[in-house]
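Remarks on the structure that follows.
The values are calculated or read from the model by the stated rules, or taken from the named source; none is laboratory data. Remember, predicted model here, so these are calculated numbers, not experimental data. Positions of Cβ are generated from backbone atoms using ideal geometry, with glycine treated the same way; all protein chains shown enter the neighbour counts. Areas reflect the complete protein model, heavy atoms only, side chains present, ligands, DNA and RNA absent. Shrake-Rupley method; radii C 1.70, N 1.55, O 1.52, S 1.80 Å.
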Amino acid sequence: MGRGRSSLTLIATFCSAEAVSMAGFALVPSLLPRLSQQWSLSATEAGWLAGIYFLGYIVAVPVLVSLTDRIDARRIYLACAALSGVAMAGFGGFADDLWSAMCWWWLAGLGLAGTYMPGLKALTDRLPVAAQSRGTAFYTATFGVGAGLSYLWIELVQAALPWPSLFAVAAACAALALLLVWRGVAPAPVLATVRATGGHWATVLRDRRLLAFCGGYFGHNWELFGFRGWLVAYLTWLNASMPHPWTSLPGLIAALATFLAVPASILGNEGAHRWGRSRWLKSVMPLSCALALAVGLAGELSRHLLVPLILIYAASMNLDSAALTAGLLTETAAGIRGTALALYSSIGFAGAFVGPVAFGVALDAFGRNSQAGWLAAFATLACGVGCGRWAIGRLETSPSGTQPP
């Protein structure tokens, strides 16, 4: 009974810290229409600003997450939570054009690289094996809670505060996340240094099943973060073209769409347990691909129909999230799990970078103020998840490992 309470306390602590640390996650996506106007950004430039966050993530995550195989991931988490606070404060205090904003937002992405997956590693290292899969599902689902709360509080207070002050609030929340983990999670013994970390990378790169999960995560993040990066801008455009109460507060719709990731992600992991991970993933990824195209085509619909369709689509794209991450973790030996997570995060968040940029390029190419432009942009999201579905299709042909549960 005590072991169960201990596991629940650990999961609650890490999930709470994750949600708080992500207070600034939606700042650039929520402020994208305002910053685009203030700094005269094209859609492609706006896409780069939204995507550069994940480029910072990609640069740092191979080093930081693989390092968790040798030192306590808690130490990396604490350092990078502090870095996130510095980045948020720097953006609010010093960003005054595209290039300075990109530098600070890139640094914030680097902070995420040292908190998200290292936080998961620190959690699973402290959980019994039987609790790891569901602990992973709750932790990855909390990413959606944090992102949704970020959209929500920004929508509610941005009219009352200048935008630099919003970044100051996010910096304070990063400090709170640091305090939660520092006080609530005991340090773990330092692991023995592995003499050949290159051997870890060679082992992971030879495992075609793990690479299939990485490719699936690339497609998932391309779709997910392309959608989240541009959702507020899309709803703002819809409201300008046809004002309606359902689109007059785009941040609230974006928050609700993001909150739906939580039950969808948990449901997805349970579905993978019940029907088989490969079978589940190969069923739900084409569903969100079709819904991406449906949302792009439905811009002229009544807002009473379009907004629910957007929310259904937002839920569908998260049915694969925890199933992918739990699949990687349960099929990876504990000694190389950090390296596997590093590769998984690097490839996956490369998709998170590509998604917003590809979306913006399509808008510029086909018309930012036309339905054709938005259709083309949503088609890029369908392409992203289509790539992920192709990668997951390689699971059956991969000789290494066993079929996932």
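Taking Cα atoms, how many degrees apart are the long axis of helix 129-157 and the longest axis of the chain, rounded to 10 and kept between 0 and 90? It is inclined by approximately 20 degrees.
With all protein chains in place and a 1.4 Å probe, the accessible surface of the chain carries 69 percent carbon and sulfur. Ordered from longest to shortest, the equivalent ellipsoid semi-axes for segment 196-242 are 40, 10, 4 Å, each the square root of 5 times a Cα gyration tensor eigenvalue.
Per residue, the chain exposes 37 Å² of solvent-accessible protein surface, assessed with a 1.4 angstrom probe and all protein chains in place. Put T380, T136 in order of accessible area, highest first, and with a 1.4 Å probe you get T380, T136. Phi angles of segment 99-112 translate, via the Karplus equation with coefficients 6.51, -1.76, 1.60 and θ = phi - 60°, into HN-Hα couplings of 6, 5, 5, 5, 4, 5, 6, 4, 5, 5, x, 4, x, 4 Hz per residue; Gly and Pro are given as x. What's the FRET efficiency of S165 with W99 using the Cβ-Cβ distance as r and R₀ = 25 Å, to the nearest 0.05? Efficiency computed from Cβ-Cβ geometry: 0.65. This model, with +1 at the C-beta of Lys and Arg and -1 at the C-beta of Asp and Glu, gives the chain a dipole about its Cα centre of some 1140 debye. Note that segment 1-127 shows a convex hull volume over its alpha carbon atoms of 95 Å³ per residue. Modelled this way, with points 7 Å down the Cα-to-C-beta line, the labels at L305 and A186 are 6.0 nm from one another. Computed from Cα atoms, the angle from the helix 2-21 axis to the main principal axis of the chain rounds to 30 degrees. Between segment 217-274 and segment 36-78, how many Å separate their Cα centres? Using only Cα atoms, the two centres lie 20 Å from each other. Here r is the Cβ-Cβ distance between S40 and R394 and R0 is 56 Å; the resulting FRET efficiency, rounded to 0.05, is 0.80.
For the residues E18, E331, E300, a GNM of the chain with alpha-carbon springs under 10 Å puts the largest fluctuation on E300.
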